[in-house]
Amino acid sequence: MKGLFITIEGADGSGKSTQIEKLKKYLESNNYDFVFTREPGGTIISEAIRDIILNKDYMEMSHTTEALLYAASRAQHVEQHIKPLLEQGKIVICDRFVDSSVVYQGYSRGLGIDNIENINKYATLGLEPEVTILLDIDAEEGLNRKKDQRELDRLELQEFDFHKRVCEGYRELAERHPDRIKKIDASLSVEEIHNEVINTIEQIIENRYNNSK
């Protein structure tokens, strides 16, 4: 069985971190051969770029610079970390991937969805996730969940309209890629969301196993 690439997406405050921790425990308890990683980040170089992107001291960063930094971080991540793991047959689960750039920079920043997709096709050598789990939430609810967070990064500090466009962008992307993107209502309880996440991942693993026979 070759490797399986799964991504998890969602606007700020959608509950990704909580669901990822619960998913880790589930996969560990069921002895799956998996690796979790994140974007921007995942390698030493990619993490250094992450520090630049999210640093709130750089509020003057241009939208184009932001998009290209994300793509640069991703290129290193894919070549050095994700692709070798997939070649080893592992399940790789990534917290954010190209969809985040398409939504945050292409849609919300107004740089164009097609432009960002093209940049990232080059950066990733065409690598795409087999399934993407999208935790869908309204901007108001997501930001309310973040208001008690001790410190916000540069992206989280953007104006409300930016976050609203992010949520809209994710929904538009889900409509464009219904076969890949599994949208889950992030206003459900933590356990309800977890169960839907598990069902989605179990189904894709089962389908892969059956197809490989």
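All of the numbers you see were taken from the coordinates with simple rules; none came from a lab. Given the structure is predicted, the values throughout are model-derived calculations rather than measurements. Here the Cβ positions follow ideal geometry from the backbone for every residue, glycine too, while neighbour counts run over all protein chains shown.
The table below lists the values:
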item: Some residue of region 149-158 being out of contact with any Gly (no Cβ under 7 Å at 6 or more places or on another chain), free of Cβ contacts under 8 Å to residues at least 24 places away in the same chain, in a loop (DSSP other than H, G, I, E, B) and on the phi > 0 side of the Ramachandran plot; result: no
item: Hits in region 45-86 - residues which are among the acidic types (Asp, Glu) and more than 29 Å from residue 176 (Cβ to Cβ); result: 47, 51, 57, 60
item: Close pairs from region 74-91: first closer than 25 Å to residue 53 by Cα, partner assigned to a helix (DSSP H, G or I) and among the acidic types (Asp, Glu), Cβ under 6 Å, at least 6 apart; result: none
item: Candidate set: region 79-98, residues that are touching a Gly at 6+ places or on another chain (Cβ under 9 Å) and surrounded by 24 or more Cβ atoms within 10 Å (Cβ to Cβ); chosen: the one farthest from residue 168 (Cα to Cα); result: 82
item: Region 91-131, residues that are among the polar types (S, T, N, Q) and touching a helix residue (DSSP H, G or I) at 6+ places or on another chain (Cβ under 6 Å); result: 101, 105, 108, 120, 124
item: From the options 53, 49, 45, 93, residue that is within 27 Å of residue 166 (Cα to Cα) and touching a strand residue (DSSP E or B) at 6+ places or on another chain (Cβ under 7 Å); result: 93
item: Condition check for residue 175: exposed (fewer than 14 other Cβ atoms within 10 Å of the Cβ), out of contact with any Cys (no Cβ under 8 Å at 6 or more places or on another chain), in a loop (DSSP other than H, G, I, E, B) and without any contact (Cβ under 8 Å) to a residue 12 or more places away in the chain; result: no
item: For residue 206: the one exception among (1) free of Cβ contacts under 8 Å to residues at least 12 places away in the same chain; (2) not in a helix (DSSP H, G or I); result: (2)
item: Yes/no for residue 123 being of a type in the set (Gly, Ala, Ser), out of contact with any Phe, Trp or Tyr (no Cβ under 9 Å at 6 or more places or on another chain) and part of a helix (DSSP H, G or I); result: no
item: Residue list for region 80-108, filter: among the small types (Gly, Ala, Ser) and farther than 28 Å from residue 62 by Cα; result: 89
item: Filtered residue count, region 131-155, keeping only those that are charged (D, E, K, R), farther than 12 Å from residue 14 by Cβ and buried (at least 16 other Cβ atoms within 10 Å of the Cβ); result: 1
item: Test: residue in region 54-67 that is β-branched (Val, Ile, Thr) and part of a helix (DSSP H, G or I); result: yes
item: Every residue from region 106-130 that is under 22 Å from residue 46 (Cα atoms) and surrounded by fewer than 19 Cβ atoms within 10 Å (Cβ to Cβ); result: 115, 117, 118, 121, 122, 125, 126, 127, 128
item: Candidates 175, 196, 117, 130 - the one that is farther than 29 Å from residue 57 by Cα and within 16 Å of the chain's Cα centre (by Cα); result: 130
